[in-house]
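**Q** I'd like to ask some things about the structure below.
The values are calculated or read from the model by the stated rules, or taken from the named source; none is laboratory data. From a predicted model like this one, the values you see are computed outputs, not experimental measurements. Reconstructed Cβ throughout: ideal geometry from the backbone, glycine too, with neighbour counts over all protein chains shown. Protein only, heavy atoms only, side chains kept; ligands, DNA and RNA dropped before computing areas. Shrake-Rupley method; radii C 1.70, N 1.55, O 1.52, S 1.80 Å.
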Amino acid sequence: MQQEVYGEVVTGEIVGVESVIPTATPVTTQPGFSAEVGLGAYKGFGQGYGEVAPSAPPRVIDSGLVLVRAGSPGVLRFDQFQALQAGMAAPLTVHSSHSGNGVGTKYPEERMFGEWRYTESKMVAAQNACMAQLVQGKFIKRVDANLVLDVAFWVFQEGTAVNWVGGGSDGRTNFNCVRDFRVNPDGSISLVNHPHLCLGVFDPETVDRYSGPRSDGLLSTDEISGHYNCCCFPMGCGLTSVVPHGPDVIEQWGWCCGLFPLCIGGEVRIRNPGTNSFRHWKDPNNVTTFTTGGASNGPSSLCKTGSRTPLAFQLVDTKDIEGSWCCLCWMLLHPALTGWSCFRKAALDKDKLNHSGCAWIGPLPLLPFNEVRTRLYVNGHPTNGFYGPDPNNIDWYRDSGCVGNGCSFSRKC
C-alpha cells in the first residue's frame, strides 16, 4: 500500500499505538487508569482518497524537573493525580499541561553522591514516564526503585532541580520535611512546607528572550544593559556589566573592593512586576532600581558609562571552557592562607563541567579535588553561573577563559 506523506510516497502498514511495557514491577492501579498512552497516528489508513496523514509527534521538552512558582506556565499537571492521591501507582504523564510528555529519568542507572543514591530526572515521551505512587501521604516514590523525589541540596527556591534520590535505608530515603510533597486537586504537585513552589519545567523553546522596547513605559532590559561604575559609601567602588535575559531578567558580572578584599563574580536579577526595580534571584530584599543613566541599591550608586549600544548576553559553551586552569584565592582570615590551584575542566554535557586537580592553601598539604559543577538556570534562562556541591558556591564566567567566585579568580592557562 502506498500513501503520500508530506509530499513523499512511502510504503507501509497500518501502525497503531505501540503498547507500553512498564519497567516497574506489577502494581495495582486505580480502575480506569492505564499506563499506556495514546500517542500514535495511523499510517496508510484506508486506500486511495481519504487517507489520513500522520500528525507530528508531540515535542518532548528538554528539561529536568525543577521548582517553579505556582501559577506559572511551567507547572506540570499530572493526568492521574487522583490515583496518586489515593496512594495507587500511576504513570507520571502530564498531557493536561504539556501534551505528550511525562516525568522520567536522564539515564537508567543509580549514581552516588556521598551517602545518597540518585538518578537525575528528565522529561520524556509520555509512554516512557516513570510509574510512581504517593507513599506515607507525602513521598513521591518510583515503583521500580527505592528512590523518591528530592529538592537538590534542599534549596527551596524557583529553578532548583528535583531529582530521584534514596539513602542507605528506608528511613534515610523517606527523609521528613525536605522531601514532602502534596498532590493538589488541580493536578499539580507542590512542596508541603513551601506550597508556592510546584514541580515544573523550564522549556527553553518557550522562554521569552525579547529585550527590546516596551509598550508599558518601563525601561527595557536592552536600555538597562551596559557598563556601570559603582560607588558604595563608605565601603568601596567597583565596575559591573549588565546583559539582558529577555524582558524581565538581567545578568551582571563585575568586581568591587574597598574596606573588604577584592570580590569578583556575578549575579542574576529579576524585575519586580510593573517597575524598573530588579531583585536578586535569591534575596527578594536585595533590590536594584534602574534609571536611564544609572541605578541605586541602598548605599550603592551606579553610573552608566561608555556607549549606549545595548549589550547582548553570550552563553559560554562548556566545550570552549575545557582545558587547563589556574586559580588564585585570597582569604579573609589571614594572608598566609592565600591559596592556589591548578586543575582541568572537562565538559560532561552542555550544562555540566568536571573539575579535577590540586590546591595549595598556605602551609596546608597539597589537596587533590574532583567536583562537578552545573549551569544555573533562572526562570528558564541559562546563565553563565555554574554551582558545585554547595549551591551557594557559584563560578561566574565573564567569558570562556575568565571566572570570578567571590574571593577567587580563575584564568584558562
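**Q** Quick one: in region 116-225, what % of C-alpha pairs are over 23 Å apart? Mind dumping the intermediate values first?
**A** Numbers: 2388 of 5995 pairs.
Tail fraction, whole percent: 40.
**Q** Let me ask you something else. By what distance, in whole Å, do the Cα atoms of region 229-308 stretch along each of the three principal axes, largest value first?
**A** Rounded to whole Å, the extents work out to 35, 30, 20 Å.
**Q** On to the next question. Suppose R0 equals 25 Å. What FRET efficiency, 1/(1 + (r/R0)^6) with r the Cβ-Cβ distance, do ASN286 and LYS106 give to the nearest 0.05?
**A** Details: r = 33 Å, r/R0 = 1.32.
Working from the Cβ atoms, E equals 0.15.
**Q** Then there's this: R0 = 60 Å: FRET efficiency of VAL192 with SER241, Cβ-based, nearest 0.05?
**A** Values: r = 41 Å, r/R0 = 0.68.
Efficiency, from the Cβ-Cβ distance: 0.90.
**Q** A further question follows. Among the lysines, select those whose C-alpha is under 23 Å from the C-alpha of LYS282, and discard any that sit fewer than 8 residues away in the same chain.
**A** Within reach: LYS352.
**Q** Give, as a single signed number, the net charge of other residues whose beta carbon lies under 14 Å from the beta carbon of PRO284, with Lys and Arg counted +1 and Asp and Glu -1. Don't skip to the end; give the middle numbers.
**A** Working: positive: ARG69, ARG269, ARG271, ARG279, LYS282; negative: GLU158, GLU267, ASP283.
Once positives and negatives cancel, what remains is +2.
**Q** Do any GluC sites (Glu not before Pro) in region 69-148 lie in a DSSP loop with no more than 16 other beta carbon atoms within 10 Å, and if so, which? Mind showing how you got there, number by number?
**A** On the way: sites: GLU109, GLU110, GLU115, GLU120; in loops: GLU109, GLU110, GLU115, GLU120.
Answer in residue order: GLU109, GLU110, GLU115.
**Q** Please give the FRET efficiency for ASN354 paired with ASP390, using the beta carbon to beta carbon distance and R0 = 22 Å, rounded to the nearest 0.05.
**A** It comes out at approximately 0.85.
**Q** Oh, and also: Net charge near GLY167, counting Lys/Arg +1 and Asp/Glu -1 over other residues with Cβ under 15 Å of its Cβ?
**A** Working: positive: ARG111, ARG117, LYS141, ARG142, ARG172, ARG179; negative: GLU110, GLU115, ASP150, ASP170.
Here the charged neighbours net out to +2.
**Q** Which lysines, if any, have their Cα less than 16 Å from the Cα of LYS345, not counting same-chain residues under 8 positions apart?
**A** Those lysines meeting the cut-off are LYS319, LYS412.
**Q** Follow-up question, since we're still on this one. Can you divide the C-alpha Rg of region 146-299 by 2.2 N^0.38 Å and report the result to two decimal places? Walk me through the intermediate numbers first.
**A** Values: Rg = 19.8 Å, N = 154, 2.2 N^0.38 = 14.9 Å.
Relative to the 2.2 N^0.38 Å estimate, region 146-299 comes out at 1.33.
**Q** Length gain on complete extension for the stretch LYS412 to PHE153, per 0.36 nm per residue less the alpha carbon to alpha carbon distance? Could the numbers behind the result be given before it?
**A** Working: separation 259, 0.36 × 259 = 93.24 nm, distance 2.89 nm.
Computed gain between LYS412 and PHE153 is 90.4 nm.
**Q** Note the full-extension length gain between PHE369 and ASP399 as 0.36 nm times their separation in residues minus their Cα-Cα distance, in nm to one decimal.
**A** Details: separation 30, 0.36 × 30 = 10.80 nm, distance 2.36 nm.
Taking PHE369 through ASP399 to full extension adds about 8.4 nm, to one decimal.
**Q** Can you give me the pair-distance distribution of region 276-413, C-alpha pairs, 10 Å bins, whole percents?
**A** 10, 33, 32, 21, 4, 0
**Q** By the scheme Lys and Arg +1, Asp and Glu -1, what is the net charge of all other residues having a beta-carbon under 12 Å from that of TYR210?
**A** On the way: positive: ARG209, ARG214; negative: ASP208, ASP222, ASP248.
Net local charge, TYR210 excluded: -1.
**Q** Return the distance in nm (one decimal) between the two label points of a simple spin-label model at GLU115 and ALA312, each offset 7 Å from Cα along Cα→Cβ.
**A** Spacing of the two 7 Å Cα→Cβ label points: 5.0 nm.
**Q** For a protection proxy built on the mean count of beta-carbon atoms within 10 angstrom, sort 148-154, 70-76 highest first, please.
**A** On the way: 148-154: 20.1, 70-76: 17.7.
Most protected by this proxy first, the peptides run 148-154, 70-76.
**Q** Can I ask one more? For ARG59 and ALA86 in the same chain, what is the full-extension length gain: residue separation times 0.36 nm, less their Cα-Cα distance, in nm?
**A** Values: separation 27, 0.36 × 27 = 9.72 nm, distance 3.02 nm.
Extending this stretch completely gives an extra 6.7 nm.
**Q** Where does each of 222-233, 295-306 land if you order them by average Cβ count within 10 Å, highest first? Write out the running numbers ahead of the final one.
**A** Numbers: 222-233: 18.5, 295-306: 15.3.
The densest-packed peptide leads the list: 222-233, 295-306.
**Q** Averaged per residue, what accessible surface does region 66-156 expose to a 1.4 Å probe, in Å²? Display every interim value, and only then the final one.
**A** Numbers: 3580 Å² over 91 residues.
Here the residues of region 66-156 average 39 Å² of exposed surface.
**Q** When each pair of different Cα atoms in region 161-230 is counted once in the 1/r mean, what is the Kirkwood radius in angstroms, to one decimal? Could you put the intermediate results ahead of the total?
**A** Working: mean 1/r = 0.0601 Å⁻¹.
Taking every pair of different Cα atoms in region 161-230, averaging 1/r and inverting gives 16.6 Å.
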